[in-house]
Amino acid sequence: MEERWLVGVDIGGTTIKMAFISLQGDIIYSWEIYTDISNKGIHIPESIARSIDQKLEELNQTNNQLVAIGVGAPGPVNEEDGSVEVAVNLGWERFQLQTILERETSLPVVVDNDANLAAIGEMWKGAGKGAKNLICVTLGTGVGGGIIVNGEVVHGVNGGGGEIGHMTSVPKNGAPCNCGKLGCLETVASATGIVRLAKEELVSSNESSCLRDYEVHQTLSAKHIFDAAKEGDVLANRVVEQVAFQLGLSLSNLANVLNPETIVIGGGVSKAYDTLLRPLKDIFLQFAFPRVVQGVEIVTATLGNNAGVIGGAWLAKEKMINKPVFQ
Ligand SMILES: [Zn+2]
């Protein structure tokens, strides 16, 4: 039988990542296009559809080669109809992504939140390979979360489930978060949050730190802070300790409730590997329930930017092949 392909699509604020993926989860061809956010992002489905057609043509294939499309959107998704509640970066509000993209491509479409897709991708082909109970946290510009229990993504009653980034970390006088709340984990553990913490430390103390130079030139980044901490900069280490504490505390509490097999830490900030992971693991051990500690492994993500498209492909396969009601 001819091997057909799944399509994984990961919509971000600046680029849309796309891939044709085998039924076994291997990327056959991947590419990306710019995200056209003009007119409140109305052209996005059309540009995805056109780009898929173009790639098929380049590869001498037709639409018949494709089984279904799994799409990750940067916002909460309504499971019933695959609409996106809101995606601030794209200008979407109650956007009928699934319906429009199905019309544009004549293919079945499944939509989920991008962080959930990353968790699924890591479960299928990445660091969580094989684990049916998994927590995935993505530390980037924001903090994304995806929780898988018994092989199923936790969506909650209206798509707001698994939002690890919006667990409250600072209950009093916390910094404002994009979600409208104060003191979310995202305000301390995202790249933006880490820089903010360092700026606060620089203002409130007089001690010397190599971070002051970057701050003067307004180039201070999370990477500078982790590099400085590694070099023994006291102030930078204090910031990393705070981040590790908040992340370790949140993850241990989640693990105490969910008893996961794997905790996957991904995103740009996770590249700080040992500088962040070692203190984070110490905090985790301090607050996690002994039985939970026995069962869990904390690992860094292995799929990088491909986690979303691979997760999308899994979702497409799951819905369209394993549940034939859709075909
Ligand atoms: Zn928040």
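The values are calculated or read from the model by the stated rules, or taken from the named source; none is laboratory data. These figures come from a predicted structure and were not determined experimentally. We place every Cβ from the backbone using ideal geometry, glycine too, and count neighbours over all the protein chains shown. Accessible surface areas use protein heavy atoms only, side chains included; no ligands, DNA or RNA. Shrake-Rupley method; radii C 1.70, N 1.55, O 1.52, S 1.80 Å.
Candidates in the stretch 277-304 are the residues that are in contact with a Phe, Trp or Tyr (Cβ under 7 Å, 6 or more places away or on another chain) and not hydroxyl-bearing (Ser, Thr, Tyr); of these, the one that is farthest from TRP124 (Cα to Cα) is ILE283.
I'm checking my understanding of the structure. Among residues of the stretch 146-158 that are among the β-branched types (Val, Ile, Thr) and crowded, with 21+ Cβ neighbours inside 10 Å, which one is farthest from the ligand (Cβ to nearest atom)? Going through the qualifying residues, I end up with ILE148. Put simply, of GLY232, GLY248 the only residue that is of a type outside the set (Ser, Thr, Tyr) and assigned to a loop (DSSP other than H, G, I, E, B) is GLY232. In a residue-by-residue description of the stretch 284-301, the property of being under 25 Å from ASP112 (Cβ atoms) and open to solvent by less than 10 Å² (accessible area, probe 1.4 Å) applies to no position. Evaluating SER30 against the criteria (1) free of Cβ contacts under 8 Å to residues at least 60 places away in the same chain; (2) open to solvent by 60 Å² or more (accessible area, probe 1.4 Å) leaves one unmet condition, (1).
Residues that are away from the ligand (no atom under 14 Å from the Cβ) and surrounded by fewer than 16 Cβ atoms within 10 Å (Cβ to Cβ) within the stretch 159-195 comprise LYS172, ASN173, listed in sequence order. Cβ separations smaller than 6 Å between residues 6+ apart or across chains give the following pairs from the stretch 177-195 residues that are free of Cβ contacts under 8 Å to residues at least 24 places away in the same chain to residues that are more than 8 Å from the ligand (Cβ to nearest atom) and open to solvent by less than 10 Å² (accessible area, probe 1.4 Å): THR187/GLY193.
The single condition among (1) in contact (Cβ under 8 Å) with a residue 60 or more places away in the chain; (2) within 24 Å of THR141 (Cβ to Cβ); (3) out of contact with any Phe, Trp or Tyr (no Cβ under 8 Å at 6 or more places or on another chain); (4) not β-branched (Val, Ile, Thr) that MET18 does not meet is (3).
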